[in-house]
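The values are calculated or read from the model by the stated rules, or taken from the named source; none is laboratory data. Predicted, not measured: the structure shown is a model, and the values here were computed from it. Methodologically, a virtual Cβ is constructed for each residue, glycine included, from the backbone with ideal geometry; neighbour enumeration extends over all protein chains shown. Quick note on the areas: whole protein, heavy atoms, side chains included, nothing else; ligands and nucleic acids left out. Shrake-Rupley method; radii C 1.70, N 1.55, O 1.52, S 1.80 Å.
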Amino acid sequence: MRDGTLALHSGRQPGQSLAPSRAVDIGWHAYTAIAWDTYSRQRPEDRPTNAAGETTWFNWTAYPDHGPGAELLETPAGGRVLDLGCGKGGNAAHLATLGMRAVGVDVSPQQLVAARERWGWTSGLQLHQADAISFLREDQEGFAAVYSVYGAVWFTDPARLLPAIRERLRPGGRLVFSQRPPVEGCYGCQASYIPRGADEDPLVVKRWDYEPDAWERLLMEHGFSDVSADVLAAPPGNRKTGTLIVRGARLNDPPARPVSVPPVGGGPFTVGWSLPAPRSWRQRSGSACPGAARRAPARCVGWSLEVRVHSAHGETVGRPGARARERPRTASDLRFPGPSPRSCTCPRQDSNLRHPL
């Protein structure tokens with residue numbers, strides 16, 4: 001089945017190298033499926049039971065029997081939950097045994113074959129082959145929680161994925177994901193290499209690495225609230241790399257709030273502010289592009305704070321640190337617009353790191 005699967009997806013002949021450049025020829029979706037099929041065959045089978053003797057369990061880390069469990073999702077029985085990059089399905093199957101409606105999505109046919117072989121009997125579990133963004137766009141029902149354990153959230157551009165997740169989260173729903181913390185100095189889009197035979201080039205998949213505070217900013221900038229990002233230390237032993245766990249929630253958007261103030265300069269006026277979604281009010285400053293700095297996302301989004309005061313005498317427009325200018329206008333409005341994208345050519349670094357799991 002291994003050779004048949006590769007031939008089906010790539011159309012390559014036996015012995016023909018599938019270099020990263022071949023992804024252009026066969027399509028990135030098919031290339032990614034081949035990469036994760038290859039990775040799946042290198043992974044050992046899951047244990048039949050955990051240390052407590054349970055046949056299903058939830059694990060956020062790469063260490064067995066370590067760290068928190070399904071309680072981070074804050075979802076009761078009956079809630080619909082989505083596993084992005086479910087792999088062989090163990091976490092989703094455990095949630096189904098807790099009474100949740102668990103949906104697992106993975107781009108790898110090989111991973112899903114293993115998941116169905118072991119967990120196909122589980123009531124309340126659905127498994128789908130698709131990429132994360134396509135599945136989210138096509139879903140119509142929504143989810144109480146979306147999660148990813150060393151999965152698709154790590155290997156998908158957050159600028160495209162986070163809006164799609166928020167769109168499908170129900171109000172109050174949680175997003176939780178875990179991955180390896182970044183290597184110092186290696187931020188933004190990176191390369192993970194999946195080794196193959198000695199005479200073949202490795203397969204390459206992209207991943208996105210940020211420091212915890214940069215992930216917090218990214219989630220807030222995409223409309224998530226109650227955000228946190230923390231590194232869970234590794235268990236005692238020789239391995240020292242911890243697990244980065246990021247959490248956020250979709251809350252209802254706040255309405256615009258008009259505020260009346262006393263008359264100034266001999267004429268009454270009104271001020272107000274509005275936000276389309278919960279945002280961070282921390283303003284970035286400095287002339288350097290924030291994406292080029294340590295811990296900052298590669299896609300730069302900053303705050304554009306503009307104050308407009310209108311009266312019969314005209315409009316005063318100002319920004320912090322800038323001299324106000326006058327424009328004739330008679331409307332009454334003061335507005336703090338949301339973040340405005342800036343063009344950015346931030347340097348990015350690729351690391352020669354083997355896939356971390």
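If contacts are Cα pairs under 8 angstrom and at least 6 residues apart, what is the relative contact order of region 138-236 in percent?
Working: 119 pairs, mean separation 26.4, N = 99.
With pairs under 8 Å counted, the relative contact order is 27 percent.
The label-point distance for residue 49 and residue 126, in a model that sets each label 7 Å from Cα toward Cβ, rounds to 3.3 nm.
Solvent-accessible surface of protein heavy atoms, probed at 1.4 angstrom with all chains present, puts 131, 226 in the order 226, 131, largest first. Taking amide H positions as modeled 1.01 Å from N, with prolines and chain starts lacking one, the residues under 5 Å from residue 203 and 5 or more places away or on another chain are 194, 196. Coupling constants for region 199-210 follow from the phi torsions by the Karplus curve (6.51 cos²θ - 1.76 cosθ + 1.60, θ = phi - 60°), and in residue order they are 9, 10, 5, x, 8, 10, 10, 8, 9, 10, 10, 9 Hz; glycine and proline get x.
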